[in-house]
Amino acid sequence: MRRANALNEAVAGEIRAALARRRWPAGELARRLGENEMWLSRRLRGSQPMTLSDIERIADTLAMSPSELIASAVRMAAQTTVAKVSVAERLKDGRPKGREGARPKGRGDRHGPKSAVEQEIRRPTWRTNPGDVSQQRNAA
């Protein structure tokens, strides 16, 4: 079932790309198909799987053959998979996984412990007694 979802996603992506190449909004394709926008949206989002007859109708409307639409979708899915694998390989070779090698928490870290000086600097000034401020001015 997972493979069918991947194929549906790939075909939906290729339909979106074909719409972009033609500079058509999705509503235009739905109108030309004689369907409402929700019908098309459900298929492009994957909440309703596309049938072969749906793919055939959409391909005809986009002036493509169904086999061309599916083949193009499979090619794009394969390229995306290769790109994801190469990124995963780079991560495996170049960066540690999990918490290994992560920056240790310490002073000045957003969630780490703060020194007494940092806590003192961040103490709000609005809590100062106005009488204390005037006495400090007179002392200076």
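The values are calculated or read from the model by the stated rules, or taken from the named source; none is laboratory data. Fair warning: this is a prediction, and the values are worked out from it, not measured in the lab. Cβ: placed from backbone, ideal geometry, glycine included. Neighbour counts: every protein chain shown.
Among the numbered conditions (1) modelled with pLDDT of 90 or more; (2) assigned to a helix (DSSP H, G or I), the only one that Gln48 does not meet is (2). Among residues of the range 26-51 that are free of Cβ contacts under 8 Å to residues at least 24 places away in the same chain and closer than 13 Å to Leu62 by Cβ, those with a beta-carbon under 9 Å from a residue that is surrounded by 14 or more Cβ atoms within 10 Å (Cβ to Cβ) and of a type in the set (D, E, K, R) at least six positions away or on a different chain give the pairs Ala26/Glu37; Ala30/Glu37.
Within the range 51-67, can you find the residues that are loosely packed, with under 13 Cβ neighbours inside 10 Å and assigned to a loop (DSSP other than H, G, I, E, B)?
Start the filter on the range 51-67 by keeping residues that are loosely packed, with under 13 Cβ neighbours inside 10 Å, which leaves 51-53, 63, 65, 67.
Passing the criteria: Thr51, Ala63, Ser65.
Please determine, by comparing only the residues of the range 1-50 that are among the charged types (D, E, K, R) and farther than 23 Å from Gln79 by Cβ, which one is surrounded by the fewest Cβ atoms within 10 Å (Cβ to Cβ). Per the criteria, the residue is Arg23.
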